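Report on the following structure.
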Amino acid sequence: PKGTVLRCNAAAFQTFGFAPRELLGKNVTLIMPATVGEKHDGFLQQYQRNRKSNIVDKTREVTAVKKGGERFLGQLTVKELTDDSGATDCFIGYFKDLTPNLQISQT
C-alpha cells in the first residue's frame, strides 16, 4: 500500500470537492494538511515493519483539506484488509465530516 486512492463513494467526492478523476489514483495526502501528508508514507512504511499504529483500527478526529484548501474537522476510522497470508492488501478509510455537528452545537 502506498496511500493511493483506489475507490471513493459519491459522498467522498462531494465532501472534499474533487471530481473522481482528480482523486482516484492519487495519493490520499491530497486531503490532508501538508504537515501530516508529508509524514504519511513514512507512517505506512513504519506500520508495515512493526504493525504498530495510532491510526489503524481506531477512530479519531482529524483535520482534512478540501480541494480549494479549506480545512475542516472530520472523524476518521482506518481499517486494514489483509490477504490470506496476513499481508496488508489495502487500507480503508471511513471519513465523516463533523462540520454539521459543529454548526448545530454553536447555535
Residues in the range 31-56 that are surrounded by 15 or more Cβ atoms within 10 Å (Cβ to Cβ) and modelled with pLDDT of 95 or more: how many?
2
For the range 21-43, which positions are out of contact with any helix residue (DSSP H, G or I) (no Cβ under 7 Å at 6 or more places or on another chain) and not in a helix (DSSP H, G or I)?
24, 25, 26, 27, 33
When residues of the range 69-90 are limited to those that are open to solvent by 40 Å² or more (accessible area, probe 1.4 Å) and closer than 19 Å to residue 33 by Cβ, the one nearest to the chain's Cα centre (by Cα)
76
For the range 42-70, pairs from a residue that is within 19 Å of residue 83 (Cα to Cα) to a residue that is outside any loop (DSSP other than H, G, I, E, B) and among the acidic types (Asp, Glu), with Cβ under 7 Å and 6 or more apart or across chains, are 56/80
Residue pairs within 6 Å by beta carbon, gap of at least six or interchain, first lying in the range 1-27 and free of Cβ contacts under 8 Å to residues at least 40 places away in the same chain, second among the aliphatic types (A, V, I, L, M) and open to solvent by 70 Å² or more (accessible area, probe 1.4 Å), listed first then second, are none
What's the number of the condition residue 2 fails, among (1) surrounded by fewer than 16 Cβ atoms within 10 Å (Cβ to Cβ); (2) closer than 26 Å to residue 100 by Cβ; (3) within 13 Å of the chain's Cα centre (by Cα)?
(2)
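The values are calculated or read from the model by the stated rules, or taken from the named source; none is laboratory data. These figures come from a predicted structure and were not determined experimentally. Don't worry about glycine lacking a Cβ; one is built from the backbone with ideal geometry, like all the others, and counts go over all protein chains shown. The accessibility values were calculated without ligands, DNA or RNA, using every heavy atom of the protein model including side chains. Shrake-Rupley method; radii C 1.70, N 1.55, O 1.52, S 1.80 Å.
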